[in-house]
Amino acid sequence: MKKKSIITLAALCFLFINCKPKSADKEVSGVDSLSVTKDSIAPAENVSEVFFKASGTEPFWGIEITNDSVRFTSPETEKNFTLAYGKPNRAMDANVISYEAKSDSIHLKFTIQQGKCSDGMSDNEYNYNVRASLKRGKDKDFKELKGCGNYSVDKQLQGNWILEELEGKKVNPKDFEKKLPGIEINTEESKFTGFAGCNGMGGKLFYEKEVLRFTDIFTTEMMCPNYDKEKLFVKALESTTTYQIKKDKLYLLNPDGTKAILQKAN
């Protein structure tokens, strides 16, 4: 009886040792009908918001870029993949950015160049030309792809923002007869409207990754006692080149420093 118990216990130990789960570090994900180690693919749960989308025809393909990965898509869904990319390179003399992403079985290189682009199939307007080179598995040569794309404006900018500081000074409500200046940003249409302090205003947004500019700004033409403050606010918008959002505050910046701080309206 004692002998049988020892044999049974030994058998259970053997099963336990051989049935424990395999390490997740060894897991392999199938991509483009080949295999890429999981480490080289950005985990889906960590994929952040897409800030640039591009597409092309002949053949159809698409690219989506987030802060940490690039996703390539095609009608053959089994050939879709997501890879982490290295630090992008920006040309010194033109608005051209180059990306590169690769794994054991895939090598993708592509450039984004500012310039009007047509996909030849729709009336959509694109502001960037995209050129991609893709090599899979045992391919000897890269396959060249052409397409168009646009940046997606940061959705955190959406909504109403009220001016709080201008050129390093707190805004005094007494300086404005009607209400405090502010802007309303529409990220879907890349436009903004607002109140400059005396006149209504509006314009367009130019957005790239870490770049924000207020362009084609127009105002109505009423004359008011605080017109100098209004001009200063409009000038701050015109000189903005980038931004930060911290605790519901929008910081408009350029190389000289902070031009304005706006508070998110409730």
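The values are calculated or read from the model by the stated rules, or taken from the named source; none is laboratory data. What you see is a predicted model, and the numbers here were worked out from it, not measured in a lab. Cβ sites come from the backbone with ideal geometry, for glycine too, and all protein chains shown count toward neighbours. The area values use the complete protein model at the heavy-atom level, side chains included, leaving out ligands, DNA and RNA. Shrake-Rupley method; radii C 1.70, N 1.55, O 1.52, S 1.80 Å.
Things worth noting here:
- All positions within the range 170-213 that are closer than 16 Å to LEU250 by Cα and small (Gly, Ala, Ser): GLY182, GLY194
- Scope the range 212-266; condition aromatic (Phe, Trp, Tyr), touching a residue at least 40 places away in the same chain (Cβ under 8 Å) and within 24 Å of SER152 (Cα to Cα); matching residues: TYR243
- Within the range 30-42, tally of residues that are part of a helix (DSSP H, G or I) and either at pLDDT 85 or above or not basic (Lys, Arg) (or both): 2
- Between GLU45, GLU76, GLU58, GLU27, the distinction of being open to solvent by 40 Å² or more (accessible area, probe 1.4 Å), at pLDDT 90 or above and of a type outside the set (Ser, Thr, Tyr) belongs to GLU76 only.
Residue-by-condition table, conditions (1) open to solvent by less than 30 Å² (accessible area, probe 1.4 Å); (2) among the polar types (S, T, N, Q); (3) farther than 30 Å from TYR126 by Cα:
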| position | (1), (2), (3) |
| --- | --- |
| LYS170 | no, no, yes |
| LEU180 | no, no, yes |
| CYS198 | yes, no, yes |
| SER239 | no, yes, no |
| LYS247 | no, no, yes |
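- Residues of the range 143-158 that turn out to be open to solvent by 30 Å² or more (accessible area, probe 1.4 Å) and farther than 21 Å from GLY115 by Cα, as a count: 4
- Scope the range 111-125; condition at pLDDT below 95 and in contact with a Ser or Thr (Cβ under 9 Å, 6 or more places away or on another chain); matching residues: ASP119, GLY120, MET121, ASN124, GLU125
- Condition met for SER133 (open to solvent by less than 80 Å² (accessible area, probe 1.4 Å), small (Gly, Ala, Ser) and part of a strand (DSSP E or B)): yes
- Only one of ASN186, ASN199 that is closer than 21 Å to SER239 by Cβ and free of Cβ contacts under 8 Å to residues at least 60 places away in the same chain: ASN199
- Hey, LEU252 hydrophobic (A, V, I, L, M, F, W, C), under 23 Å from the mean Cα position of the chain (by Cα) and part of a strand (DSSP E or B) or not: yes
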